[in-house]
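Worksheet: the structure to be examined is printed underneath.
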Amino acid sequence: MKSLQKLLSLIIFLFISGSYAQIDLNYQSPHPDILSLADAPMPPIMSINYDGSKAILIYRNQYISIEELSEKEMRLGGLRINPKTNSSSRSRKYNNISIFDINSKTEIPVTGLPENAKITNISWSNAQDKIAFINATENGVALWVIDYNTRKATRLTEPNLNANMGSPMTWLKDDSGFIVKMLPQNRKSLIDTENAVPSGPVISVNEEGQKAQNRTYQDLLKNTSDEANFETLATSELWKVTLDGKKSKWKNAAMYRNISPSPDGNYFLVSETKRPFSYIVPYFRFPTSYTIYDGKGTLSKNIVDVPLIEELPQGFMAVQTGPRSISWRDDQPATLIWAEALDFGDPENEVEYRDIVFQLPAPFTARPRQLIQSKLRYAGIEWGDDNTAVLYGRWWNTRTSRVEFFNPSDPSAEPKLFVERNYQDRYSDPGSFVTSRNEFGRNVLEISNGNVHLIGDGFSPEGKLPFVDRYNLTENTTERIYKAEPGEMLESITRMLDTEKGLILTRLESSTTFPNYYIRNIKNGSLEQLSFFENPFKAVQDVHKEVITYKRDDGLDLSATLYLPVGYDKEKKEKMPMIMWAYPREFVDAASASQVTSSDNQFTYMSYGSPLYWVNRGYVVLDNTAFPIIGEDGEQPNDTFVEQLVANAKAGIDAVDALGYIDRNRVAVGGHSYGAFMTANLLSHSDLFAAGIARSGAYNRTMTPFGFQAEERHYWEAPDVYNTMSPFMQAHKMKTPMLLIHGEADNNSGTYPMQSERYFNALKGLGAPVRLVMLPNESHGYAARESIMHMLWEQDEWLETHVKNKKE
């Protein structure tokens, strides 16, 4: 029967792959060996409260239906909105929540949950005894609350919330209720832009000659009708809703973005989008006001009106002038902080300090006070107490991160450097500081007897061995108080639960054991298992898996994770077809590029886009194949992109071929997004592969002229780089069978669906063997079950035809 199914499938594929320009084909399902894995039921997500005493289990469907994906959607200002429900049309929805009793290790159902639940925005209360969530119905979204102790869910509002601009609810500090975004009572009707008759042309101007070098954003506003619809959808009234269901209007209608309560709960920082809008940047760069209100909604202080941000200096480290990164100081009742650029936001300006940080305490009538200056671009502050805080700085161009302690009460005191390092160097990562909840319920540095603690991943040549360190603030000394032991189980520390008792929340997994949570006592060595999730992919649990290391021709150390097919006999060493899957990454030094961060003991997880399904179809799979693109000593990585790309691919094939597992004439390469771009380049510039699979890629870099990925230079600065790196420009060289797949509604910057359509036309025009599959309504990542199963079918048929059964 299986042989007959395979023969019929091959006949269908060969028939539809003929000389027809377009093919009318319904959604297909992949081979049963793939389908059984793709449809495997997934364990729930476990959400554990701050001290490990409470937990909930969150369930979701692995896929949505094509009907759900095809619901009406409005794409405005970088947002994708379901105008019927007034919520994000692309948000991940959950269908059930249950209580997990930590002591008895049992699951307890919650009563009163909505039928056919579509849950988002799950949020624990400050006291950690209630869980709020938003539920979507056919006509809108409503606010619900679960009482952890009674195990009962209660609906607090009608489905009239506005979730179009982020979360529609914010817990009050005392957990008595929420500030909620609701639809205005006199809301304007939306304009039918599909049938509207235009009143004139759309005109964009730059008569004063400003430079606006922006990325190629998707879903932008295009005309005045879009502007009106955006304003209608973004506008909310703010209401106070209590847990007993009482409602009172808090603020009149406006385009509210975020509502952030002060640590003591007496004030609210409210950000509000304003006009004028833009047709070249998304909503988060529209004019925004930041205003402080008291608990009654009365104006306390307008902090700043940030203007429209269309023009910025060139470079990833460019920022706006004036206040930015406005937030509350976590260790004080109600003190605002923000950063301002000292280099006019231009990374090309040479200055000693890039940014300055200010603070302004309630009642916000004094002049802002300087806290500290940052040598690198401000990246946040970890607050401790009046005398201790941690400043983070970052500089992308050199991949540098800087961490220093400072005294918030004494701006004249010299900060103390903790570490300055290349953040791509995973082996030198000192970890993250341990925090604990203060009297305001905010996470701040946990300082005990002059010590702080850090938790790190512990990557090294030995593998991943996470650790806990104690750092003395006075003596500047570090002591390692816990380090995971090497073994069959891979550990990942989630957080510290109790420093004094030595309790950490951690996760253990192996290649065949699904990740589960444990409480580990690092003082006495005890280990208590919390979750007991089973492996849903047992069909492939016995495959041979190992992280291999090898060298590029120039001596650079590389690595990849090698999987052998199910049932493969390593003694016979039959020569099998192979799939190489990768994603290029840029580095500024060879040492960081060579580091190994994969593990043999990492759980073998099947996600929809993974190549691992094919170990169940007789293929060797080389996954997470290292594809570093390096630029050292001032050189730009992309100046030698193609040469390094081909060298990486050749090194991976050579390494597996030397082990005796593969027929190097039957090797496929594939990738998603920048991995698709990689695939097209490899097929254009080498003869290493029998076929390629390129999903949701960009192939013509002149269509992203002001930078892409890690490329800062614009096209007119480096035309040779852009042209050489563009597979579209090399289409005449491409003779290897390539499968192009793209979401018809891709919203990722740069990867317009047009990229695949135009590339296909070029390849077809030049006689290259190519197939283009456009998935209706899908974005950059795919969501509908029908789309994903068809994608897997397409990939399987392509590999069977052009790789496993390749004609000599």
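The values are calculated or read from the model by the stated rules, or taken from the named source; none is laboratory data. Treat the numbers as computed from the prediction; the structure is a model and nothing was measured. Cβ sites come from the backbone with ideal geometry, for glycine too, and all protein chains shown count toward neighbours. Please note that ligands, DNA and RNA were not included when accessible areas were found on the heavy atoms of the full protein model with its side chains. Shrake-Rupley method; radii C 1.70, N 1.55, O 1.52, S 1.80 Å.
One residue stands out in the stretch 382-395 among those that are touching a Lys or Arg at 6+ places or on another chain (Cβ under 8 Å) and in contact (Cβ under 8 Å) with a residue 40 or more places away in the chain: the one that is least open to solvent (accessible area, probe 1.4 Å), namely W383. Picking from residues in the stretch 278-303 that are of a type in the set (A, V, I, L, M), crowded, with 17+ Cβ neighbours inside 10 Å and more than 26 Å from the chain's Cα centre (by Cα), the one that is farthest from S176 (Cα to Cα) is I303. Of all residues in the stretch 161-173, those satisfying the criterion of being assigned to a loop (DSSP other than H, G, I, E, B) and farther than 24 Å from V110 by Cα are N162, N164, M165, G166, K173.
Please work out if M791 is buried (at least 17 other Cβ atoms within 10 Å of the Cβ), closer than 25 Å to Q636 by Cβ and of a type in the set (A, V, I, L, M). No; evaluated as a whole, the condition is false for this residue. From the residues in the stretch 322-347 that are in contact with a strand residue (DSSP E or B) (Cβ under 7 Å, 6 or more places away or on another chain) and charged (D, E, K, R), which one is surrounded by the fewest Cβ atoms within 10 Å (Cβ to Cβ)? Among them, the one singled out is R324.
Of the strands (runs of 3 or more DSSP E) that lie entirely inside the stretch 419-527, those containing 1 or more residues that are open to solvent by 70 Å² or more (accessible area, probe 1.4 Å) and among the polar types (S, T, N, Q) span 443-445, 477-483. Filtered by the rule that a residue be part of a strand (DSSP E or B), open to solvent by 10 Å² or more (accessible area, probe 1.4 Å) and not polar (S, T, N, Q), the stretch 118-135 gives I122, W124, K130.
Yes or no, residue by residue, for (1) at pLDDT 95 or above; (2) outside any loop (DSSP other than H, G, I, E, B); (3) over 20 Å from F514 (Cα atoms):
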{"position": "P30", "(1), (2), (3)": "yes, no, yes"}
{"position": "L37", "(1), (2), (3)": "yes, yes, no"}
{"position": "P41", "(1), (2), (3)": "no, no, no"}
{"position": "D51", "(1), (2), (3)": "no, no, yes"}
{"position": "Q62", "(1), (2), (3)": "no, no, no"}
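Between E115, E158, which is open to solvent by 80 Å² or more (accessible area, probe 1.4 Å), under 28 Å from Y63 (Cα atoms) and without any contact (Cβ under 8 Å) to a residue 12 or more places away in the chain? Step by step, each of E115, E158 is checked, and only E115 is open to solvent by 80 Å² or more (accessible area, probe 1.4 Å), under 28 Å from Y63 (Cα atoms) and without any contact (Cβ under 8 Å) to a residue 12 or more places away in the chain. The single condition from (1) part of a strand (DSSP E or B); (2) surrounded by fewer than 18 Cβ atoms within 10 Å (Cβ to Cβ) that P536 fails is (1). When we screen D623, D600, D633 for residues that are surrounded by fewer than 20 Cβ atoms within 10 Å (Cβ to Cβ) and either closer than 28 Å to E717 by Cβ or of a type in the set (S, T, N, Q) (or both), the only hit is D633.
Between I23, I64, I48, the distinction of being farther than 29 Å from R771 by Cα and either in contact with an Asp or Glu (Cβ under 7 Å, 6 or more places away or on another chain) or of a type outside the set (S, T, N, Q) (or both) belongs to I48 only. From the list S432, S428, S460, the one residue that fits, being small (G, A, S), in contact (Cβ under 8 Å) with a residue 12 or more places away in the chain and closer than 24 Å to D600 by Cβ, is S460.
Within the stretch 203-222, being in contact (Cβ under 8 Å) with a residue 40 or more places away in the chain and surrounded by fewer than 17 Cβ atoms within 10 Å (Cβ to Cβ) holds for S204, Q210, K211, A212, Q213, R215, K222. In the condition set (1) hydroxyl-bearing (S, T, Y); (2) open to solvent by 60 Å² or more (accessible area, probe 1.4 Å); (3) outside any loop (DSSP other than H, G, I, E, B), S412 is compliant with all but (3). Candidates are the residues of the stretch 702-758 that are in contact with a strand residue (DSSP E or B) (Cβ under 6 Å, 6 or more places away or on another chain) and part of a helix (DSSP H, G or I); the one that is nearest to L682 (Cα to Cα) is S756.
Within the stretch 136-159, the set of residues being of a type in the set (G, A, S) and either within 24 Å of F440 (Cβ to Cβ) or not in a strand (DSSP E or B) (or both) comprises G140 only.
Which residue, of I493, I548, is at pLDDT 95 or above and in contact with a Phe, Trp or Tyr (Cβ under 9 Å, 6 or more places away or on another chain)?
Values: I548 fails: in contact with a Phe, Trp or Tyr (Cβ under 9 Å, 6 or more places away or on another chain).
Of the residues listed, the single one that is at pLDDT 95 or above and in contact with a Phe, Trp or Tyr (Cβ under 9 Å, 6 or more places away or on another chain) is I493.
Within the stretch 63-81, is even one residue loosely packed, with under 15 Cβ neighbours inside 10 Å, touching a Pro at 6+ places or on another chain (Cβ under 9 Å) and not acidic (D, E)? Looking through the stretch 63-81, at least one residue is loosely packed, with under 15 Cβ neighbours inside 10 Å, touching a Pro at 6+ places or on another chain (Cβ under 9 Å) and not acidic (D, E). Say we look at the stretch 48-102 and pick out the residues that are in contact with a helix residue (DSSP H, G or I) (Cβ under 9 Å, 6 or more places away or on another chain) and among the aliphatic types (A, V, I, L, M); which of these is nearest to A153 (Cα to Cα)? Here the residue is I64.
Of the residues that sit in the stretch 542-565 and are polar (S, T, N, Q) and surrounded by 17 or more Cβ atoms within 10 Å (Cβ to Cβ), which one is farthest from A647 (Cα to Cα)?
T561
Counting the residues of the stretch 575-594 that are open to solvent by less than 30 Å² (accessible area, probe 1.4 Å), closer than 13 Å to Y423 by Cβ and assigned to a loop (DSSP other than H, G, I, E, B) gives 0. Within the stretch 247-277, restricting attention to residues that are assigned to a loop (DSSP other than H, G, I, E, B) and either free of Cβ contacts under 8 Å to residues at least 40 places away in the same chain or in contact with a helix residue (DSSP H, G or I) (Cβ under 7 Å, 6 or more places away or on another chain) (or both), the residue that is least open to solvent (accessible area, probe 1.4 Å) is F277. Within the stretch 758-770, the set of residues being surrounded by fewer than 20 Cβ atoms within 10 Å (Cβ to Cβ) and in contact (Cβ under 8 Å) with a residue 40 or more places away in the chain comprises R758 only.
Taking the residues in the stretch 651-692 that are under 23 Å from the mean Cα position of the chain (by Cα) and in a strand (DSSP E or B) as candidates, determine which candidate is farthest from Y568 (Cα to Cα). If we take residues in the stretch 651-692 being under 23 Å from the mean Cα position of the chain (by Cα) and in a strand (DSSP E or B), then H672 is farthest from Y568 (Cα to Cα). Would you please name the residue that is most open to solvent (accessible area, probe 1.4 Å), looking only at residues in the stretch 363-378 that are hydroxyl-bearing (S, T, Y) and farther than 23 Å from G295 by Cα? Here the answer is Y378.
Would you confirm, using the coordinates I've provided, whether T724 is of a type in the set (V, I, T), touching a residue at least 40 places away in the same chain (Cβ under 8 Å) and crowded, with 20+ Cβ neighbours inside 10 Å? No, not satisfied.
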